[in-house]
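Undergrad: The structure's right below; bear with me while I get my questions together.
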Amino acid sequence: MEGNFNENDLILLENMTTQAAHALVTASLTHEVLRVQKYNECVLESICDGIVSVDNDGTVVKVNKAAGKMFHLDSPQEIIGHDMEFVFSVENDWILDAINWVFESGKTRTLQNMQLKVPHEATININATVSPLTDEDFQQIGCIVQIEDVTRERKLHGTLTRYMSETLAEELLGDDEHVGDAKLHNATALYSSIYAFNSITKGIGPTQTVELLNKYFERMTGCVFDHNGSLDKFIGDAIMANFGIPTHTAKDPDNAIQAAIQMQKELKKLNIERMEHGDIPLKVGIGISTGEVVSGNIGSLKRMDYTAIGKAVNVALELNKTCKTYGADIVVSEFTVAEARRKYTLRELDLIRVEGGYDDPVTIYEVLDHRLEDKDPGIISDGDELALYFEGLSCYRDHRFTEAIDVFKKLHEVRPDDVVSGLYLERCKYFSETPPENDWDGVWENKSLDLESITYAANRSNQGSLSSFGKKVGKGPESRRASFTGGLFGFLNQSTKSLKYEL
């Protein structure tokens, strides 16, 4: 069928095609806008932090799902269109102040470790960032409040600070990706325990025992944390602490020694309080050693501990045991002394063999700083006495036992309270009659003779030749006196004059 098209038909056709083209473009643009809008909505809802946008009038415009959850909302729509003061109540006026500050300054405001009051009388710990919201012409059209819920982190932080210093806790949380990973590195281990603890607790009962330990641990762990140490564990009355875990520093050996000195000073204060209440004073020995350890989460699937194992830990434990033998408060290994940067008053005590530690004998030292400060009569103190002691030790090591006897006798006359001089005097007497082999490595093996020597020193103490640290406990003829003699803790029954020792 044929027809004729005039000029008007052509114009009509052109208009129709133009409109169709416009419609297609509009549809395409609308689709793209909706796609972008949907994409932005997905981005907003995927953000773990709470997001609240406010326009220049202070009206809430957008709220994402995370923010709705923080505010215990069934739907974020519940607060959209409301004034910001409706959302952030009077109890959260600090965040209203931050929003107003951003409106006035046009700058971003960040607030750390704040508490946000939410419905149902709940409080969450948050970090908040309030930023200006601008259009394409950089004109401010509102602001965005970003809320990070750090309640779990703060709880974890609170837990960690019960085991380590604030600094170490922050460092560990900052590297949460590798928390608990096994590491082989250098660290300094500290191990302390209370002398004759079982004897002390027999007479006070379980409740007072727990109270005693809590008060004691509170003081001692404070000293560890003050010097950037971490608490590994409590083992009965013992404390195991580490310096250099999770991160090793060159100050670790010094931090451990400083912590030990502070622990002994705090112990003195605690003992004064105990004695004022008629309680037996405590005596504590501390062993310290430096070396390689493996640290990390160790245990079973049901129960794990973040701890350290290795030679340094083994040696520290062994040195803690030797404190009683040498009448020392703090004993450190040659490895800690070699890496310490600060100067201390040290006395070389002996060579010992450590099982599961090192093949060669380990040189051990006594830290004297706190005892010199207290003018403790039980130790050699001035330069002449130390020189005499080292002369005797040199003779002992060179198998010149007769000369060593003369030196230690002379020193023992000056300082009869010094347990170490008494030990070497008895050892030299033994070796003068029963010489060691020519290839003797300097390690003393006859532990029973050491025990006899310590007991002899203790008896001298209770005859009045040594000053005792203690006071009478109780009333009447059955009262007792707690006394310290070098590495010994004894109970003297005044009625029978008998002395019981625990090593």
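Throughout, read-outs are computed from the coordinates displayed, never taken from laboratory work. As the structure is a prediction and not an experimental result, all values here were calculated from the model. No Cβ is skipped: glycine too gets one built from the backbone with ideal geometry, and neighbour counts run over all protein chains shown.
Undergrad: How much FRET efficiency would the formula 1/(1 + (r/R0)^6) give for ALA338 and TRP440, where r is the Cβ-Cβ distance and R0 is 22 Å, rounded to 0.05?
TA: After rounding to 0.05, the efficiency reads 0.35.
Undergrad: Would you kindly give the portion of the calculated P(r) for segment 189-274 that falls above 16 Å, as a percent of all Cα pairs?
TA: Everything past 16 Å amounts to 53 percent.
Undergrad: Give me the Kirkwood hydrodynamic radius of segment 57-129, using the inverse of the mean 1/r over all pairs of distinct Cα atoms, in Å to one decimal.
TA: Answer for segment 57-129: a Kirkwood hydrodynamic radius of 13.0 Å.
Undergrad: With Kirkwood's inverse mean 1/r over C-alpha pairs for Rh, give me the Rg to Rh ratio of segment 252-388, two decimals please.
TA: 1.02
Undergrad: Now for a different question. Return the distance in nm (one decimal) between the two label points of a simple spin-label model at PHE103 and ASN127, each offset 7 Å from Cα along Cα→Cβ.
TA: 2.7 nm
Undergrad: Where in segment 205-243 does the amide nitrogen come within less than 13 Å of the point 7 Å from the Cα of HIS185, taken along Cα to Cβ?
TA: 230, 243
Undergrad: Based on a Kirkwood Rh over C-alpha pairs, give the Stokes-Einstein translational diffusion coefficient of segment 278-331 at 10 °C and viscosity 1.306 mPa s in µm²/s.
TA: Rounded, D is 121 µm²/s.
Undergrad: Given R₀ = 56 Å, FRET efficiency for ARG400-THR207 by Cβ-Cβ distance, to 0.05?
TA: 0.50
Undergrad: Hey, if you drop one equal point scatterer on each alpha-carbon of segment 300-340 and run the Debye formula without solvent, what base-10 log of I(q)/I(0) do you get at q = 0.16, 0.22, 0.32 Å⁻¹?
TA: Summing over Cα pairs of segment 300-340 leads to -0.55, -0.78, -1.09.
Undergrad: If you bin the C-alpha pair distances of segment 184-331 every 5 Å from 0, what whole percents do you get?
TA: Taking every Cα pair in segment 184-331, the percentages come to 2, 10, 19, 22, 19, 14, 9, 5, 2, 0.
Undergrad: Expressed in nm to one decimal, what extension gain is obtained for the pair ALA238 and ILE141 from 0.36 nm per residue of sequence separation less their Cα-Cα distance?
TA: Extra length available between ALA238 and ILE141 comes to 28.6 nm.
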